[in-house]
Amino acid sequence: MINVIEFPKKEFATKEELFKALKENKKELISIKKSVTKNADSVSFGYIDTSVKIDTNKDASSQISDINELNVKVVINTTNFLDSHGDVHINGIWNKSVKDNVTFLHLQEHDRSFDKVITDTAKGYVQSMSWKKLGLPYDGKTEALIFESTIQKNRNEFMLNQYANGWVKNHSVGMRYVNLELAINSEAEWDKEEKMLWDEIYPLVANKEVADERGYFWVVKEAKIIEGSAVVMGSNSATPTLENKDIEAVIDTSKVEPLENTQNQTENKKKSNVFIKL
């Protein structure tokens, strides 16, 4: 029997039976997804540990207790990766949201309590990166949603220590769906539209083994960034910490250039101290 997140109380005998239910309820399912804020799951299938690629300075541990401020560069989300919500975010998904917001909330585990705020002045931008540069065994590239944050000890000492020790391996975007469609790998006559979308997007998906097993995914073309969070395990595991500048814990991204349409936006944001506009 097949269980899926879209129909939590129902079991399907075959994938074709599931696909038909998805097709018949597509409009309602899209409406439901748009009505909620998407956060990290407690379960992340297709999880890949990228932490081994972060080389923390061996002498840094003795300095951590003296750090009052830490600058970090983190991956909040990556496109072309099938996550545990069944979503594939495609290139361009974050362009409007990055353009519309001056700064972003960087939170601890999607908790919008005052004591869980890491910073409310994170600089966000989109950067084209190879999967291998992120420590993942895939060919091709992704558009990474990057946050550059300054963590202050008097704001969130706990998370400053987590980052300073190199313990934050995953991140997650808190978002609202704006534009999404359903892709299904079915040859049924009634699935032609969804199959065409599958054939278009599937070649871009990095973790195709997950797509093959599921047989369907949601193509998210645009979403609104609500916040970005440090999490123990994200719904998208291709979301590491790239740099802990003050303790020299880095993945070398010196040769990676921001996308042209977001580079100028980032420079402009550095000159402003306006809070996030939701």
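Find the residue count for region 27-58, including only residues that are modelled with pLDDT of 70 or more and surrounded by fewer than 16 Cβ atoms within 10 Å (Cβ to Cβ).
Qualifying residue count for the region: 8.
GLU157 fails exactly one of the following numbered conditions: (1) crowded, with 17+ Cβ neighbours inside 10 Å; (2) farther than 14 Å from ASP83 by Cα. What is the number of that condition?
Answer for GLU157: the failing condition is (1).
Would you kindly identify the strands (runs of 3 or more DSSP E) lying entirely within region 160-278 that contain at least 3 residues that are modelled with pLDDT of 95 or more and of a type in the set (A, V, I, L, M, F, W, C)?
In region 160-278, 170-184, 216-231 are the strands (runs of 3 or more DSSP E) which contain 3 or more residues that are modelled with pLDDT of 95 or more and of a type in the set (A, V, I, L, M, F, W, C).
Name the single residue that is nearest to ILE30 (Cα to Cα) among those in region 181-204 being surrounded by fewer than 21 Cβ atoms within 10 Å (Cβ to Cβ) and among the aliphatic types (A, V, I, L, M).
Among them, the one singled out is LEU197.
Quick test for you: out of VAL168, VAL178, pick the one residue that is under 17 Å from the mean Cα position of the chain (by Cα), touching a residue at least 12 places away in the same chain (Cβ under 8 Å) and surrounded by 18 or more Cβ atoms within 10 Å (Cβ to Cβ).
Of the residues listed, the single one that is under 17 Å from the mean Cα position of the chain (by Cα), touching a residue at least 12 places away in the same chain (Cβ under 8 Å) and surrounded by 18 or more Cβ atoms within 10 Å (Cβ to Cβ) is VAL168.
Applying the selection to region 207-226, what residues are out of contact with any His (no Cβ under 9 Å at 6 or more places or on another chain), under 10 Å from ALA183 (Cα atoms) and buried (at least 20 other Cβ atoms within 10 Å of the Cβ)?
Answer for region 207-226, where residues must be out of contact with any His (no Cβ under 9 Å at 6 or more places or on another chain), under 10 Å from ALA183 (Cα atoms) and buried (at least 20 other Cβ atoms within 10 Å of the Cβ): TYR216, PHE217.
So which residues in region 1-15 are in contact with a strand residue (DSSP E or B) (Cβ under 7 Å, 6 or more places away or on another chain) and without any contact (Cβ under 8 Å) to a residue 40 or more places away in the chain?
Within region 1-15, MET1, ILE2, ASN3, GLU11, PHE12 meet the criteria.
Here's the yes/no breakdown for (1) among the small types (Gly, Ala, Ser); (2) within 20 Å of LYS169 (Cα to Cα); (3) modelled with pLDDT under 95:
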residue: VAL72; (1), (2), (3): no, yes, no
residue: GLY86; (1), (2), (3): yes, no, no
residue: HIS110; (1), (2), (3): no, yes, no
residue: SER113; (1), (2), (3): yes, no, no
residue: ALA122; (1), (2), (3): yes, yes, no
residue: TYR125; (1), (2), (3): no, yes, no
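The values are calculated or read from the model by the stated rules, or taken from the named source; none is laboratory data. Keep in mind that this is a model prediction, so the values were computed, not measured. Virtual Cβ from ideal backbone geometry, glycine too; neighbours counted across all protein chains shown.
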